[in-house]
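What follows is a short report on a single structure.
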Amino acid sequence: MSLVDLDKIDANDDRKDRYHTDKCCGFHNYIRLLYAGAFDPIRDRVTHVLELGVREGYSHALWRDFFTLATVYGVDTDISLFKATQDTTRITLIQGNAADRGIVDHFNGVQFDIIIDDASHIVAEQVAAFNNLHKLLKPGGHYYIEDIQPQDLVDATLTPIDELRKALPESIIVHDLRDVHKIPDNVIVEYVHGIQI
Ligand SMILES: C[S@@+](CC[C@H](N)C(=O)[O-])C[C@H]1O[C@@H](n2cnc3c(N)ncnc32)[C@H](O)[C@@H]1O
């Protein structure tokens with residue numbers, strides 16, 4: 001199954017429930033708009049994926065099933081929401097705050113191909129998590145920050161895209177996908193480790 005095929009799964013297919021992440025069909029559509037193009041070609045080469053923000057574990061199950069060789073790590077401040085019915089094969093869950101410096105100590109030197117931040121969506125925490133974790137990327141590894149809010153959730157006078165541009169390396173790419181489905185936070189920031197653009 002390619003990622004793009006997920007859009008074609010019909011309501012009777014049990015994968016609709018297993019991969020019920022809002023990255024998929026019907027809401028943010030990040031799979032179709034961005035991740036399919038980036039991840040389909042490297043599907044069988046990726047060995048380590050980290051996604052911040054687990055909740056029920058839908059996206060972790062999707063990455064585990066899609067990346068045939070990968071161990072998928074998840075960090076969440078509350079891992080009790082992870083669905084007991086989810087298969088935990090090749091999934092490692094860590095209870096913790098991605099914005100806390102100590103979070104790196106949980107990974108014992110693992111290097112990641114892909115890190116996705118789908119946790120708090122608060123700029124200050126996105127920046128803190130990035131500063132803590134981007135150095136765990138392999139050279140050429142990708143870091144994605146999802147759901148950049150139209151306004152700072154804490155200080156409404158600030159625009160998060162500008163804040164992220166100031167706080168993160170100049171080489172970040174802003175994927176502004178808001179016009180496609182008129183979803184106000186359909187913006188992903190991408191950073192490629194060690195590559196200057
Ligand atoms: C949008 S949900 C994740 C959804 C999941 N990635 C998916 O697509 O199915 C966000 C999760 O992030 C967690 N979270 C919020 N702030 C966090 C933080 N600072 N560190 C780690 N997890 C956090 C919340 O507890 C919540 O479970």
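What follows draws every value from the coordinates through simple rules; no lab data is involved. All values reported here derive from a predicted model rather than from experimental measurement. Quick reminder, even Gly has a Cβ in these numbers, built from the backbone with ideal geometry, and neighbours come from all protein chains shown.
Points to keep in mind about this one:
- The chain: most fluctuating residue of Asp176, Asp147, Asp118 per GNM, C-alpha cutoff 10 Å: Asp176
- Where labels lie 7 Å past Cα in the beta-carbon direction, separation of Ile42 and Leu81 in nm: 2.7 nm
- Ranked list, fewest to most other Cβ atoms within 10 Å of each Cβ, for Ser59, Ser80, Ser120: Ser80, Ser120, Ser59
- Pairwise centroid distance, computed over Cα atoms, of segment 68-97 with segment 121-159, Å: 20 Å
- Using only the C-alpha atoms, the convex hull of segment 6-46 corresponds to 81 Å³ per residue.
- Helical runs assigned H by DSSP (4 residues or longer) give the chain a calculated mean residue ellipticity at 222 nm of -5000 deg cm²/dmol, each run adding -39500 (n - 2.57) before division by the residue total.
- Shape parameters for segment 1-124, alpha-carbon atoms, Rg then Dmax in Å: 14.2, 43
- Computed on the Cα atoms alone, the convex hull of segment 92-156 gives a volume of 88 cubic angstrom per residue.
- Value of Rg/Rh across segment 18-76 [Cα atoms, Kirkwood radius]: 0.94
- Placing pseudo-labels 7 Å out from each Cα toward the beta carbon at Asp152 and Thr88 gives an inter-label distance of 3.9 nm.
- Short-range pairs are left out: with C-alpha atoms under 8 Å and at least six residues apart, the relative contact order of the chain is 16 percent.
- Remark on segment 118-173: hydrodynamic radius 11.9 angstrom, per the Kirkwood mean of 1/r across alpha carbon pairs.
- At 1.306 mPa s and 10 °C, Stokes D of segment 44-192 from Kirkwood alpha-carbon radius, µm² per second: 101 µm²/s
- Between Val110, Val54, Val187, the Gaussian network model of the chain with springs among Cα atoms under 10 angstrom shows the greatest mean-square fluctuation at Val110.
- Charge-dipole axis of segment 89-146 as Lys and Arg at +1 and Asp and Glu at -1 on Cβ define it, positive-most pick from Phe130, Phe107, Tyr144: Phe107
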